[in-house]
Amino acid sequence: MNIEHFTSEEMKKQIFKFTTASTEFYFAGGFSLLRKITDPKATVLITDEHVYKAHERRFRGWNTIVLKSGEDYKVQATVDAVVEALIEMEADRKTTLVGIGGGVITDLTGYIASVYMRGIRFGFLPTSILALVDASIGGKNGIDVGQYKNMVGVIRQPSFILHDMGLLKSLPRQEWENGFAEVIKHACIRDAAMFAGLEKNNLDAYQKSRKKICELVERNALIKIKVVQRDEFEKADRRLLNFGHTLGHALETQYELLHGQAVAIGMTYACHIAEQLTGFRQTDRVIHLLEKYNLPTYARFDKEKVFHVLKMDKKRERKDMNYVLPERIGKAVVKTVSLKQLEKIIQAF
Ligand SMILES: NC(=O)c1ccc[n+]([C@@H]2O[C@H](COP(=O)([O-])OP(=O)(O)OC[C@H]3O[C@@H](n4cnc5c(N)ncnc54)[C@H](O)[C@@H]3O)[C@@H](O)[C@H]2O)c1
Ligand SMILES: [Zn+2]
């Protein structure tokens, strides 16, 4: 009888079960492992021009569709174009799609794979910090419609997620900062020790040390995995991931801000709201940490306009809003806040 043997890379595989499906995670597995996970002959890679240009060599020998980069392309027209390309390539029910890129590419790929021939297998190789710690995990896939972000989509888990920190070498500094807003978010809601670790380190240290960034990414991925496992369809716990996002989204629709910047400002204000509603006493530490990672905290914005958008937020329930507020670093709760109260506190800053 043959003994089944594994390489050290394959040993890094971890399987996480969600309600609807399981996902294989290969933390720090490396791009070259992709050949072992999926047959190149029956696989189509989807990436964007930036990732493709920076890592062209990696794509040799793979069927690849290269898309224009940016949120503007996370729309139905791109889905149509990719579907046509897949038909042209004679992709069938046995084809696997692999999204290699930031959150725009993973959202698009997961969505296309969910509708092409009523659903084919898909996996991700996330290449931005944001996609590694957030967008690739949890099964939400979709596209924007006009000004409405993620208006159309599905919840469907990828078959596998493969990490390769080497791809981060080409990630622009600003995109590192953008992704670290979600890392700080995770620390605030779930992980006081990680928060302290972030205080001790800085972005340069994570950029320079493969070990440090690997550990940080894996720890963050696990936080998101656990929250989603407990609440895949966002009825309770998953809402905690919206920390900083309520005001953040409202700001994003009105101003030219990166998502992470908007969330950082949203977290700052949420801390102040928490001071009054949960007795939170660590706002200074959160603000220092955001500033350390070059993220904005306070901002001069048109309060009335932004508040109007905020009122339309989907988390609103009649006159009240569900707001994610920290109790202490490492622990957050969802509180019902009246719109009046919220307006009063936000107006004060
Ligand atoms: N599905 C979810 O649960 C979820 C969660 C959070 C965010 N998202 C979505 O994720 C998207 C944002 O993700 P993002 O910030 O990664 O955006 P993105 O995919 O647009 O990537 C940001 C920029 O970095 C470039 N890039 C990415 N990786 C690179 C690399 N290794 N080298 C060089 N350039 C690289 C991209 O080309 C792009 O220009 C949004 O559409 C958002 O809605 C989804
Ligand atoms: Zn976010």
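Things to note:
- Pairs meeting the criteria (first residue in the range 151-174 and over 23 Å from Tyr52 (Cα atoms) and open to solvent by 50 Å² or more (accessible area, probe 1.4 Å), second residue part of a strand (DSSP E or B) and more than 16 Å from ligand 2 (Cβ to nearest atom), beta carbons under 6 Å, at least 6 apart or on different chains) are Met151/Val145; Val152/Ile143; Val152/Val145.
- Here the condition is being among the β-branched types (Val, Ile, Thr), out of contact with any strand residue (DSSP E or B) (no Cβ under 9 Å at 6 or more places or on another chain) and not in a loop (DSSP other than H, G, I, E, B); of Ile287, Ile273, it holds for Ile287 alone.
- When residues of the range 256-288 are limited to those that are within 16 Å of ligand 1 (Cβ to nearest atom) and over 16 Å from Val183 (Cβ atoms), the one surrounded by the fewest Cβ atoms within 10 Å (Cβ to Cβ): Glu256
- Residues located in the range 105-131, provided they are touching a strand residue (DSSP E or B) at 6+ places or on another chain (Cβ under 9 Å) and either of a type in the set (Phe, Trp, Tyr) or within 13 Å of ligand 2 (Cβ to nearest atom) (or both): Asp107, Tyr111, Tyr116, Phe122, Phe124, Ser128, Ala131
- Consider the range 68-101 and keep the residues that are open to solvent by 20 Å² or more (accessible area, probe 1.4 Å) and within 21 Å of the chain's Cα centre (by Cα). The one that is farthest from Leu257 (Cα to Cα) is Gln76.
- Those helices (runs of 4 or more DSSP H) lying entirely in the range 129-237 with at least 1 residues in contact with a Ser or Thr (Cβ under 9 Å, 6 or more places away or on another chain) and modelled with pLDDT of 95 or more: 173-190, 210-230
- If you go through the range 94-104 and keep only what is within 16 Å of ligand 2 (Cβ to nearest atom) and free of Cβ contacts under 8 Å to residues at least 60 places away in the same chain, you end up with Gly103, Val104.
The values are calculated or read from the model by the stated rules, or taken from the named source; none is laboratory data. Computed from a prediction, not measured in an experiment: that's the story for all the values here. No Cβ is skipped: glycine too gets one built from the backbone with ideal geometry, and neighbour counts run over all protein chains shown. Ligands, DNA and RNA are excluded from the accessible area calculation, which covers all protein heavy atoms including side chains. Shrake-Rupley method; radii C 1.70, N 1.55, O 1.52, S 1.80 Å.
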